[in-house]
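To keep things clear, I will list the structure first and then write my remarks on it.
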Amino acid sequence: MTKVIKLALICQQSDSNGMPVDYKEVNKILWELQRQTREIKNKSIQYCWEYHNFSSDYYKRNGEYPKEKDVLLFTLGGYVNDKFKTGNDLYSANCSTTVRGVCGEFKNSKKDFISGKRSIISYKENQPLDLHNKSIRLEYSDHEFYVYLKLLNRQGFKKFNFADTQIMFKILVRDNSTKTILERCLDEVYSVSASKLIYDKKKKCWVLNLSYSFSGEITHNLDENRILGVDLGIHYPICASVYGEWKRFTIDGGEIEEYRRRVEARKKTLLKQGKNCGDGRIGHGVKTRNKPVYSIEDRISRFRDTANHKYSRALINYAIKNNCGVIQMENLEGVTAHSDKFLKNWSYYDLQTKIEYKAKEAGIKVVYINPRYTSQRCSKCGYTDTDNRPEQAKFICKKCGFSENADFNASQNIGIKNIEQIIKEEIQI
């Protein structure tokens, strides 16, 4: 099991004379490494395309594709990585992690490039700095947590005149949960994995997305034949049930909607106030004038994250309590945090992601199905018709008269094993 924790950092670096390095100077160095990372990524994509074109021409001549090691003497990732052993300041293990990640992404997306489903990958500004697990060292001293990051190779180390090959940061620990995770990483109860260093433009600071892994302790002996169907709906953000049972798990959307209403009202007020703001916010551009509004948006993001953690945990507890070994959900592939939302400011995808990893921790299998027709099908008799939903929240079957909440009816359908095949046979797709 691998997880990620976001850690805010404060630079504590010294130069070769033992004097503190100004944070602005460290920022310049990190931005330079970020620029080099972006350049390496885009050049790696270019090398991958060149090999793809060679491989395609080879196939046309010989009727088969060449083996990478026969042509390149390495795998494609190894070949591209060899191109960047010099000419940059990145620590070699981090550079290798970056290159292999790009090559893997290229291979996974190649079919979509060729078919025109997506454009060729192009890496833009503000790229994260990849960190190999060997480049991360945690330390606890004087009641503070510190992290030492190997970011520079020997060339970079000499160029920037640092006291050590590693750049030192103090970690801001804001809660006991973060403290516990860091303690377990230090005690090697958790293993630190490849991570990322990211510049947060809003907060104007660097944050470490620290990945850590551990063996999930599955203590529940659950029935894999009991499927909990989960519908992420409009009336209820979550509605879940086991097929054939009237008992259900629901999350009322009132808490979210009330919070959203209050925050939207506050944002409108702040925007109006911006026209008559004080001298400290005048003459510094739109971002400075609307800074309180951006602060409100951060609060929305934090509330959403906290609520989705709470809702997903409650759902998993319900599944365990009802001995469900499988959770079945709609396949939201292609849906992002911005492309499909419920209750205006809420993300289906974020909630579903949290449900999935908590389910895996508990030993619950997660199955995704095509949601097509599940909201229009009668879970009682199987009749499917768009007119079965006269209202958004109401389901009334035109054939048998079964009447229920639309989200609950959908969850009943989603909770049926092989429901996709059943629907295909019923409506003869």
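The values are calculated or read from the model by the stated rules, or taken from the named source; none is laboratory data. Everything numeric in this text was worked out from a predicted model, so none of it was measured. Neighbour counts are summed over all protein chains in view; Cβ atoms, including those assigned to glycine, are modelled from backbone coordinates with ideal geometry.
Couple of notes before you dig in:
- Where Ala362 falls short, out of the listed (1) more than 18 Å from Ile419 (Cβ to Cβ); (2) within 15 Å of the chain's Cα centre (by Cα); (3) modelled with pLDDT of 85 or more: (2)
- Test: residue in the range 81-94 that is under 26 Å from Leu197 (Cβ atoms), buried (at least 18 other Cβ atoms within 10 Å of the Cβ) and under 24 Å from the mean Cα position of the chain (by Cα): yes
- Residues that are over 16 Å from Gln428 (Cβ atoms), in contact (Cβ under 8 Å) with a residue 12 or more places away in the chain and surrounded by fewer than 16 Cβ atoms within 10 Å (Cβ to Cβ) within the range 381-390 comprise just one, Cys381.
- Residue in the range 78-97 that is in contact with an Asp or Glu (Cβ under 8 Å, 6 or more places away or on another chain), assigned to a helix (DSSP H, G or I) and over 30 Å from Met168 (Cα atoms) present: yes
- When the range 411-426 is filtered for residues that are touching a strand residue (DSSP E or B) at 6+ places or on another chain (Cβ under 7 Å) and outside any loop (DSSP other than H, G, I, E, B), the ones remaining, listed by number, are Ser411, Gln412, Asn413, Ile414, Ile419, Glu420, Ile423, Glu426.
- Restricting the range 209-229 to residues that are modelled with pLDDT under 95 and aliphatic (A, V, I, L, M) leaves a set whose member that is farthest from Leu7 (Cα to Cα) is Leu222.
- Some residue of the range 16-26 being at pLDDT 90 or above and charged (D, E, K, R): no
- Residue check for Gly363: more than 18 Å from Lys247 (Cα to Cα), touching a residue at least 12 places away in the same chain (Cβ under 8 Å) and either touching a helix residue (DSSP H, G or I) at 6+ places or on another chain (Cβ under 8 Å) or of a type in the set (S, T, N, Q) (or both): no
For (1) outside the structural domain of Leu208 (by TED's automatic domain parsing); (2) loosely packed, with under 13 Cβ neighbours inside 10 Å; (3) polar (S, T, N, Q), each residue gets a yes or a no:
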site	(1), (2), (3)
Leu138	no, no, no
His143	no, yes, no
Leu151	no, no, no
Lys170	no, no, no
Ser177	no, yes, yes
Leu182	no, no, no
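- Within the range 115-130, not a single residue is crowded, with 17+ Cβ neighbours inside 10 Å, more than 30 Å from Leu7 (Cβ to Cβ) and assigned by TED's automatic domain parsing to the domain that holds Ser195.
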